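*Asks:* Pasting a structure below so you can have a look.
The values are calculated or read from the model by the stated rules, or taken from the named source; none is laboratory data. Not measured: the values here are computed from a predicted model. All Cβ positions, glycine included, derive from the backbone under ideal geometry; neighbour counts span all protein chains shown.
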Amino acid sequence: MRLAMLRLDGREVAAVRHDRGWLPTEPVAGMPPGGDLAAVLRAGLDDALRDRIRTDAGQAPDDAFVADGEARFAPPFRHPRMVLGIGLNHRAHAEDLGTVQTDGPASFLKADHTIVGDGDAIVLPDPAVAARITSEAELGLVIGRRAWRVDEADALAHVAAVCCVLDQTAEDVLQCDPRFLTRAKNHPTFLSFGPELVTLDEVLGADGALDHLVVETVRNGEVHRAAPVADLAMGPAELVAFHSRVMPLEPGDLILTGTPGAAVVSAGDVMTCRIAGVGDLTNPVAAG
């Protein structure tokens, strides 16, 4: 199942993907009030709710759908409880920054003021504050069920969906001192994700893992760097299990799993995170 937030008549409305287009989910029986995807995750995107959504989509009239070409996407949600980033999780990207790979993940938090959606501008900060900005494609994991001290073998059962992510970094700030990670990661518009949340049943491989997915950082239509999820130093299940032993993970929390490579961006560039089987997320870059 594919879910998204659509911009419709000045509102942001949850919708489900159907072969006839996008169907706003507000009329679906059992959907939380307001149709917010974060509320859906907190309520539990279980098999029963997914069956109701599919049934209602199948019975809806054609004029209830928004055609693919007319859909305008907002971020899947704007105020997640937590966005947990994982730095230097691809060995090649660690080499880009001249950083030695450590045994554990370089975790950091991002605030909700950084969030934008598909098509929104990545706005460069004041160059006096940060002058070298990079954009990094990543696979995002959306927690669907509380995870606290879970085993790696059970970790993906706590993930509701995956999505595309573009995570921005003030690289010159980070290169001054790795302790400046929060400062380098938290400028406004420094996190785009979506446009769709894709439930795990659509993307898991035959082995029950996500290793086959290939993440591409694309700048101005050209692939800058690409690598499969299998190349992560810590894979999705391991990341969830590891962090669940540090802190509880709650429905709607977002984990950024790491990038195969960061592209330096300038005003006028267009950045895309492309993951076959998940989708494309595209944002223009604009001067501040």
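*Asks:* All but one of (1) charged (D, E, K, R); (2) modelled with pLDDT of 90 or more; (3) touching a helix residue (DSSP H, G or I) at 6+ places or on another chain (Cβ under 6 Å) hold for GLU26; state the number of the condition that does not hold.
*Replies:* Against the list (1) charged (D, E, K, R); (2) modelled with pLDDT of 90 or more; (3) touching a helix residue (DSSP H, G or I) at 6+ places or on another chain (Cβ under 6 Å), GLU26 comes up short only on (2).
Residue-by-condition table, conditions (1) closer than 22 Å to ASN220 by Cα; (2) basic (Lys, Arg); (3) at pLDDT 95 or above; (4) outside the structural domain of THR282 (by TED's automatic domain parsing):
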| residue | (1), (2), (3), (4) |
| --- | --- |
| LEU88 | no, no, no, no |
| ALA92 | yes, no, no, no |
| GLY104 | no, no, no, no |
| THR134 | yes, no, yes, no |
| ALA147 | no, no, yes, no |
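*Asks:* Tally the residues that are more than 26 Å from VAL285 (Cβ to Cβ) and in contact (Cβ under 8 Å) with a residue 24 or more places away in the chain, restricting the search to the stretch 155-193. Working first, answer last.
*Replies:* The first filter runs over the stretch 155-193 and keeps only residues more than 26 Å from VAL285 (Cβ to Cβ), leaving 155-161, 179.
Next, from what is left, pick out any that are in contact (Cβ under 8 Å) with a residue 24 or more places away in the chain: 155-156, 158-161.
Qualifying residue count, the stretch 155-193: 6.
Yes or no, residue by residue, for (1) modelled with pLDDT of 95 or more; (2) out of contact with any Pro (no Cβ under 7 Å at 6 or more places or on another chain); (3) among the aliphatic types (A, V, I, L, M); (4) over 16 Å from LEU141 (Cβ atoms):
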| position | (1), (2), (3), (4) |
| --- | --- |
| HIS187 | yes, no, no, yes |
| LEU191 | yes, yes, yes, no |
| LEU197 | yes, no, yes, no |
| ASP201 | no, yes, no, no |
| GLY208 | no, yes, no, no |
| VAL215 | yes, no, yes, no |
| ASN220 | yes, yes, no, yes |
| ALA226 | yes, no, yes, yes |
| ALA233 | no, yes, yes, no |
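*Asks:* Which condition number in (1) touching a Lys or Arg at 6+ places or on another chain (Cβ under 6 Å); (2) farther than 22 Å from HIS113 by Cα is the one that ALA209 fails?
*Replies:* For ALA209, the failing item is (1).
*Asks:* Now, a different point. Hey, could you check the stretch 120-144 for residues that are in a loop (DSSP other than H, G, I, E, B) and of a type outside the set (Gly, Ala, Ser) and say which is surrounded by the most Cβ atoms within 10 Å (Cβ to Cβ)? Lay out the reasoning, then the answer.
*Replies:* Within the stretch 120-144, the first condition is being in a loop (DSSP other than H, G, I, E, B), and the residues that meet it are 120-121, 124-132, 144.
Going one step further and asking which of them are of a type outside the set (Gly, Ala, Ser), we end up with 120, 124-127, 129, 132.
Details: ASP120: 18, LEU124: 21, PRO125: 18, ASP126: 9, PRO127: 12, VAL129: 12, ARG132: 14.
Residue satisfying both the conditions and the ranking: LEU124.
*Asks:* Next question. How many of the residues making up the stretch 253-288 are crowded, with 19+ Cβ neighbours inside 10 Å and aliphatic (A, V, I, L, M)?
*Replies:* The total comes to 11.
*Asks:* Looking at the stretch 1-10, which of the residues that are of a type outside the set (A, V, I, L, M, F, W, C) and modelled with pLDDT of 90 or more is farthest from the chain's Cα centre (by Cα)? So that I can check it myself, show each step before the final result.
*Replies:* If we filter the stretch 1-10 for residues that are of a type outside the set (A, V, I, L, M, F, W, C), which is where we start, we get 2, 7, 9-10.
With the extra rule that they be modelled with pLDDT of 90 or more, the set shrinks to 2, 7.
On the way: ARG2: 13, ARG7: 18 Å.
Restricting to residues being of a type outside the set (A, V, I, L, M, F, W, C) and modelled with pLDDT of 90 or more, the top hit is ARG7.
*Asks:* Quick test of your reading of the structure: ILE255 fulfils all but one of (1) hydrophobic (A, V, I, L, M, F, W, C); (2) within 20 Å of LEU45 (Cα to Cα); (3) assigned to a loop (DSSP other than H, G, I, E, B). Name the failing condition by number.
*Replies:* Unmet condition: (3).
*Asks:* Now for a different question. Which one is nearest to PRO284 (Cα to Cα) among residues in the stretch 203-261 that are over 16 Å from the mean Cα position of the chain (by Cα) and acidic (Asp, Glu)?
*Replies:* Ranking the qualifying residues of the stretch 203-261, first place goes to GLU222.
*Asks:* Residues in the stretch 32-46 that are surrounded by 15 or more Cβ atoms within 10 Å (Cβ to Cβ), at pLDDT below 70 and either of a type in the set (Lys, Arg) or touching a helix residue (DSSP H, G or I) at 6+ places or on another chain (Cβ under 8 Å) (or both): how many?
*Replies:* Of the residues in the stretch 32-46, 1 are surrounded by 15 or more Cβ atoms within 10 Å (Cβ to Cβ), at pLDDT below 70 and either of a type in the set (Lys, Arg) or touching a helix residue (DSSP H, G or I) at 6+ places or on another chain (Cβ under 8 Å) (or both).
*Asks:* While we're here: Taking the stretch 47-76 on its own, how many of its residues are out of contact with any strand residue (DSSP E or B) (no Cβ under 7 Å at 6 or more places or on another chain) and either in the same structural domain as GLY252 (by TED's automatic domain parsing) or modelled with pLDDT of 80 or more (or both)? Break it down into steps so the answer makes sense when it comes.
*Replies:* Going through the stretch 47-76, the residues out of contact with any strand residue (DSSP E or B) (no Cβ under 7 Å at 6 or more places or on another chain) turn out to be 47-52, 54-56, 58-59, 61-63, 69-70.
Going one step further and asking which of them are either in the same structural domain as GLY252 (by TED's automatic domain parsing) or modelled with pLDDT of 80 or more (or both), we end up with 47-48, 50-52, 54-56, 58-59, 61-63, 69-70.
Of the residues in the stretch 47-76, 15 are out of contact with any strand residue (DSSP E or B) (no Cβ under 7 Å at 6 or more places or on another chain) and either in the same structural domain as GLY252 (by TED's automatic domain parsing) or modelled with pLDDT of 80 or more (or both).
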